[in-house]
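Let me begin by presenting the structure, written as C-alpha cells, before commenting on it.
The values are calculated or read from the model by the stated rules, or taken from the named source; none is laboratory data. Everything numeric here is computed off the predicted structure, so don't read it as measured data. FYI the Cβ positions are ideal-geometry reconstructions off the backbone, even for glycines, and counts take in every protein chain you see. Heads up: the accessible areas ignore ligands, DNA and RNA and are worked out on the full protein's heavy atoms, side chains in. Shrake-Rupley method; radii C 1.70, N 1.55, O 1.52, S 1.80 Å.
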Amino acid sequence: MVGGLGTRLRPFTDDIPKPMLKVGDKPILETIIEGFKNYGFTKFILSVNYKKEIIKAYFQDGKHLDVYIEYIEEGKRLGTAGALSLLSEKPNAPFFVMNGDLLTKMNYEQLMEFHCETKSNATICVREYEYQIPYGVIETENHRLLSIVEKPVHKSFVNAGIYVLDPQVLEHVPQDEFYDMPDLFKKLMDMQGGVSAFPLREYWLDIGQVDDYEKANGDFRGVFI
C-alpha cells in the first residue's frame with residue numbers, strides 16, 4: 001500500500017511520495033522489497049495514487065531488483081484495504097499486505113508459517129507498545145481512597161501495519177469504496193472468521209512523522225547494514 005499522501009511528513013512529501021523518501025541510501029519501499037526478497041518472496045503488487053509516476057519510474061517492473069512488480073492505481077482514496085478490490089486476479093494462496101512506510105527486520109517466512117499452521121483466514125502483526133502516565137493514578141470507591149500508583153507504565157499491543165490474508169477474505173472487501181484494514185478485521189471477527197495476531201519482536205518503525213523519519217535514518221546503518 002504505497003498511495004498515501006504522507007501529510008504528517010510535510011514538507012518532505014510535498015514533492016515525493018512517502019515510500020520514496022530515502023532512509024540510508026535508498027527509498028523506504030526498496031528496503032521493504034529487499035526484506036521480502038531475502039525470504040524468497042519476489043512478486044509484488046504496488047497500490048499507487050499520490051505521485052505514482054515517481055514510484056513507477058523508479059521501480060518499473062522490478063527486474064533490476066530481481067523481483068516482479070505490478071501496479072494497481074487508486075483513482076480515489078480507498079484506504080488500507082479498499083485497494084484490494086482493484087486486484088485484476090485473485091491470489092490462489094495466502095498473501096501479504098503491508099503499509100509502504102514501515103522499516104522492519106521481521107522474518108516474513110516465519111509469519112507466513114504461523115498463518116498457515118494456525119489455519120487462520122487473516123493474521124495481523126502486532127507490536128508491544130509501552131506508555132507511562134505522568135501522574136500518580138488514583139483508585140477510589142465512592143469517597144474511599146483505595147490506592148495510589150505513581151506514574152504507572154502500561155503495555156498494549158498495537159497494529160504493526162503488516163497482514164497475511166487468505167484469498168477468500170477478498171470477498172468481504174467492498175468494491176471501489178474506502179475501506180481500512182481494521183474494518184476488515186472487525187468484520188471477520190464478527191463472523192468468527194479465524195483471525196489471529198502475530199507478535200512482532202524484531203526491529204520495527206512506522207515512519208509517520210518527522211521525528212520517526214529522523215530516527216529511521218539514525219537507526220538504519222546499525223540495523224540494516
Under a point-charge model restricted to the Cβ atoms of Lys and Arg (+1) and Asp and Glu (-1), what is the dipole moment magnitude of the range 41-105 relative to its Cα centre, in debye to the nearest 20?
140
Quick one: accessible area per residue over the range 5-125, 1.4 Å probe, rounded to a whole number of Å²?
49
To the nearest 0.05, what FRET efficiency results for GLU150 and THR7 with a Förster distance of 35 Å applied to their C-beta separation?
0.40
Largest-first ellipsoid semi-axes for the range 42-139, taking √(5λ) over the Cα gyration tensor eigenvalues, angstrom
31, 20, 15
For the chain, set up a GNM with springs between Cα atoms under 10 Å and report which of ASN99, ASN159, ASN142 has the largest fluctuation.
ASN142
The chain: D in µm²/s via Stokes-Einstein (Kirkwood Rh, Cα pairs, 10 °C, 1.306 mPa s)?
83
So how do 108-116, 170-178 stack up, highest first, on mean other-Cβ count within 10 Å?
108-116, 170-178
Taking only the C-alpha atoms, wrap a convex hull around the range 65-112 and report its volume per residue in Å³ as a whole number.
132
Dimensions of the range 176-216 along principal axes (Cα, Å, largest first)?
41, 29, 13
On the accessible surface of the range 149-196, probed at 1.4 Å, how many percent belong to carbon and sulfur atoms?
51
Which pairs in the list LYS26/LYS119; LYS43/LYS119; LYS22/LYS63; LYS63/LYS105; LYS151/LYS187; LYS26/LYS105 are over 25 Å apart, alpha-carbon to alpha-carbon?
LYS26/LYS119; LYS151/LYS187
Solvent-accessible area, 1.4 Å probe, carbon plus sulfur percent, for the range 70-144:
45
Mean residue ellipticity (222 nm) of the chain, computed from DSSP H runs ≥ 4 via -39,500 (n - 2.57), nearest 500
-7500 deg cm²/dmol
